[in-house]
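Enquirer: I'd like to ask you about the structure that follows.
The values are calculated or read from the model by the stated rules, or taken from the named source; none is laboratory data. From a predicted model like this one, the values you see are computed outputs, not experimental measurements. Please note: Cβ atoms are built from the backbone with ideal geometry, for glycine as well, and neighbour counts cover all protein chains shown.
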Ligand code: SF4
């Protein structure tokens, strides 16, 4: 992946490979508060070494472009669910799934909870200086129990039949489930009661139609996921131990980026 460094006016500037914002770099054993996002925690779970190089050493890894089409469906869903939130009516998909006792949750902070860049759901980890946070797509409420429901919108285009089992057992869905677990963990740490199922709102672009004509048709599904937050506590402790260490952790042996970098270093000698 090529990623050229540009300034705010999109002019090319020299890439240093180092982060310049001090607040995003952790000093081992520091006592000041430090924020860790859901995505950085996910990075730690995939490769503690890359996480450490990023958050502690302060290296600026190449980025990837945004997902404009997925973002568009997220924005459109947000608009729909916000109308139901305002009117406190069930969304059109709820009836289809016998969930008319659900409505989008009204809360003064809901926009902050959904702002993954600046706020998100947030909780201090125990009595440490680590603040965990993550921007959730939506939160609904079960009106019969008053429990909150964590929601994530997902866009895809697959010819595979979509059932709850098929969807959740896909090889790349482990990360989706951990994402849900993390949001549930935060909401519970914030003092809310959470419904035992989180929901993926999945829209699947139909690639089997004969032509495009500037329109893509989506089928929609609500996929319940029975969350589990038990694993999170120990993994956060492992992450904090890693951050407080002065040595580089092991790399992920399956990572093609590291293998590429190693081969390249040999060839350039
Ligand atoms: S194996 Fe190397 S490149 Fe891959 S994630 Fe880990 S440190 Fe980063």
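Enquirer: Is the range 221-241 home to any residue that is modelled with pLDDT of 95 or more, more than 21 Å from the chain's Cα centre (by Cα) and within 30 Å of residue 160 (Cβ to Cβ)?
Expert: Scanning the range 221-241, I find no residue that is modelled with pLDDT of 95 or more, more than 21 Å from the chain's Cα centre (by Cα) and within 30 Å of residue 160 (Cβ to Cβ), so the answer is no.
Enquirer: A further question on this structure: Given the criteria in contact with a helix residue (DSSP H, G or I) (Cβ under 9 Å, 6 or more places away or on another chain), within 16 Å of the ligand (Cβ to nearest atom) and assigned to a loop (DSSP other than H, G, I, E, B), does residue 252 qualify?
Expert: The answer is yes for residue 252.
Here's the yes/no breakdown for (1) more than 26 Å from residue 90 (Cβ to Cβ); (2) within 16 Å of the ligand (Cβ to nearest atom); (3) out of contact with any helix residue (DSSP H, G or I) (no Cβ under 8 Å at 6 or more places or on another chain):
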site	(1), (2), (3)
190	no, no, yes
208	yes, no, yes
211	yes, no, yes
226	no, no, yes
231	yes, no, no
243	yes, yes, no
261	yes, yes, yes
267	yes, no, yes
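Enquirer: Follow-up. Applying the selection to the range 43-60, what residues are surrounded by 15 or more Cβ atoms within 10 Å (Cβ to Cβ) and over 20 Å from residue 183 (Cβ atoms)?
Expert: Across the range 43-60, the qualifying residues are 47, 48, 49, 50, 52, 53, 54, 55, 56, 58, 59, 60.
Enquirer: Of all residues in the range 55-85, how many are within 16 Å of the ligand (Cβ to nearest atom) and under 23 Å from residue 174 (Cα atoms)?
Expert: So the count comes out to 2.
Enquirer: Have a look at 86, 112, 40 and point out the one that is at negative phi, part of a helix (DSSP H, G or I), at pLDDT 95 or above and surrounded by fewer than 11 Cβ atoms within 10 Å (Cβ to Cβ).
Expert: Answer to the check: 86.
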